[in-house]
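Report on one structure; see the data block that follows.
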Amino acid sequence: MSGKPVPEITEMNRAFFEGTARGELRLRHCRSCDAVFRFAHPLCPDCWSDALDHVVASGKGTVESFTIVHMPPYEAWAADVPYVIALIKLEEGVRMMANIDGDGADVAVGMPVEVWFERRDDVAIAQFRRSK
Ligand SMILES: [Zn+2]
């Protein structure tokens, strides 16, 4: 137990977290209009189709915005401060929030990043680090 909360697995996010457990960053894909988006949509946000499946993202993106957290929101993060919460724009155009490794001293808007998966109890959490 890390002491950190883990996401509740629901029908809405099950395929996403089955993917992260396998080292895959899965995006929802609309078979009607080819849009890609995050898992939290039962219908395509572009055309409202329910003909959805999944694609595996490259795991690469860039930092669009970020903040450095100095005061831990919970005791479980006390050893991690300072840490980074960032808005990442994936190569596929989808945005997601995640942590970026490190104390944030070298993080900048536009910095290329790549996904990695943090094991937290029984769930794999998508996190990011500077691309090599
Ligand atoms: Zn669509």
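The values are calculated or read from the model by the stated rules, or taken from the named source; none is laboratory data. What you see is a predicted model; the values in this text were computed from it and never measured. Cβ atoms come from the backbone with ideal geometry, glycine included; neighbour counts cover every protein chain shown.
Data overview
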{"quantity": "Any pair with Cβ under 8 angstrom, 6 or more apart, that starts in region 1-23 at a residue that is touching a residue at least 12 places away in the same chain (Cβ under 8 Å) and ends at one that is outside any helix (DSSP H, G or I) and of a type in the set (S, T, N, Q)", "calculated": "7/13"}
{"quantity": "Residue satisfying all of: in region 107-124; in a loop (DSSP other than H, G, I, E, B) and of a type outside the set (Asp, Glu); surrounded by the fewest Cβ atoms within 10 Å (Cβ to Cβ) among these", "calculated": "110"}
{"quantity": "Which numbered condition residue 87 fails, given (1) away from the ligand (no atom under 16 Å from the Cβ); (2) over 16 Å from residue 117 (Cα atoms); (3) in contact (Cβ under 8 Å) with a residue 40 or more places away in the chain; (4) touching a strand residue (DSSP E or B) at 6+ places or on another chain (Cβ under 6 Å)", "calculated": "(3)"}
{"quantity": "Contacts under 8 angstrom Cβ, first residue in region 43-55 being without any contact (Cβ under 8 Å) to a residue 12 or more places away in the chain, partner in a loop (DSSP other than H, G, I, E, B) and among the hydrophobic types (A, V, I, L, M, F, W, C), 6 or more apart", "calculated": "45/35; 50/43; 50/44"}
{"quantity": "Whichever residue in region 3-31 is within 16 Å of the ligand (Cβ to nearest atom) and surrounded by 14 or more Cβ atoms within 10 Å (Cβ to Cβ) and, among such residues, is farthest from residue 120 (Cα to Cα)", "calculated": "30"}
{"quantity": "Residue ID - farthest from the ligand (Cβ to nearest atom), chosen from residues in region 43-63 that are farther than 15 Å from residue 115 by Cβ and part of a strand (DSSP E or B)", "calculated": "54"}
{"quantity": "Count of residues meeting criterion [among the hydrophobic types (A, V, I, L, M, F, W, C) and either assigned to a helix (DSSP H, G or I) or more than 14 Å from the chain's Cα centre (by Cα) (or both)] in region 1-42", "calculated": "11"}
{"quantity": "Conditions (1) more than 16 Å from the ligand (Cβ to nearest atom); (2) touching a residue at least 40 places away in the same chain (Cβ under 8 Å); (3) within 18 Å of residue 111 (Cα to Cα); (4) surrounded by 13 or more Cβ atoms within 10 Å (Cβ to Cβ): number failed by residue 94", "calculated": "(1)"}
{"quantity": "Residue in region 46-54 that is within 16 Å of residue 131 (Cβ to Cβ), modelled with pLDDT of 95 or more and of a type outside the set (A, V, I, L, M, F, W, C) present", "calculated": "no"}
{"quantity": "Residue match in region 74-90 (condition: in a strand (DSSP E or B), at pLDDT 95 or above, out of contact with any Leu (no Cβ under 7 Å at 6 or more places or on another chain) and under 26 Å from residue 32 (Cβ atoms))", "calculated": "yes"}
